[in-house]
Amino acid sequence: MKRIKSVTVLQHFLLIMMSIIAIFPLYWMIISSFKNESEIFTSSFIPQAPTWQKLSICIRRNAYHTNVI
């Protein structure tokens, strides 16, 4: 019984770590879209002064709203 619990805990830990590794690039991409040019290559995980400029440019250039459907 003790061995089964330790294996289950190890499996859950590995699954959580793999999930974090898989989701982190998506998080970084979204956060980087709110950073200005001087903040892009800093190691901050939260933008100091979030801006919608890059996101609005992307939406206007790519006509995102027409491709959602």
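The values are calculated or read from the model by the stated rules, or taken from the named source; none is laboratory data. All figures in this text were calculated on a predicted structure; none of them were measured in a lab. Don't worry about glycine lacking a Cβ; one is built from the backbone with ideal geometry, like all the others, and counts go over all protein chains shown.
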Kindly indicate whether any position in the range 18-27 is over 24 Å from LEU55 (Cα atoms) and either touching a residue at least 60 places away in the same chain (Cβ under 8 Å) or surrounded by fewer than 10 Cβ atoms within 10 Å (Cβ to Cβ) (or both). yes
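What's the total number of residues in the range 28-48 that are loosely packed, with under 10 Cβ neighbours inside 10 Å and either of a type in the set (Ser, Thr, Tyr) or in contact with a strand residue (DSSP E or B) (Cβ under 7 Å, 6 or more places away or on another chain) (or both)? Give the steps one after another, and end with the answer.
Quick first cut of the range 28-48, residues loosely packed, with under 10 Cβ neighbours inside 10 Å only: 29, 37-38, 41, 43-46.
Adding the requirement that they be either of a type in the set (Ser, Thr, Tyr) or in contact with a strand residue (DSSP E or B) (Cβ under 7 Å, 6 or more places away or on another chain) (or both) leaves 38, 43-44.
The number of residues fulfilling the criteria is 3.
For (1) of a type in the set (S, T, N, Q); (2) within 14 Å of the chain's Cα centre (by Cα); (3) at pLDDT 80 or above, each residue gets a yes or a no:
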site: VAL7; (1), (2), (3): no, no, yes
site: HIS12; (1), (2), (3): no, no, yes
site: ALA22; (1), (2), (3): no, yes, yes
site: LEU26; (1), (2), (3): no, yes, yes
site: ASN36; (1), (2), (3): yes, no, yes
site: ILE46; (1), (2), (3): no, yes, yes
site: GLN53; (1), (2), (3): yes, no, no
site: ARG60; (1), (2), (3): no, no, no
site: THR66; (1), (2), (3): yes, no, no
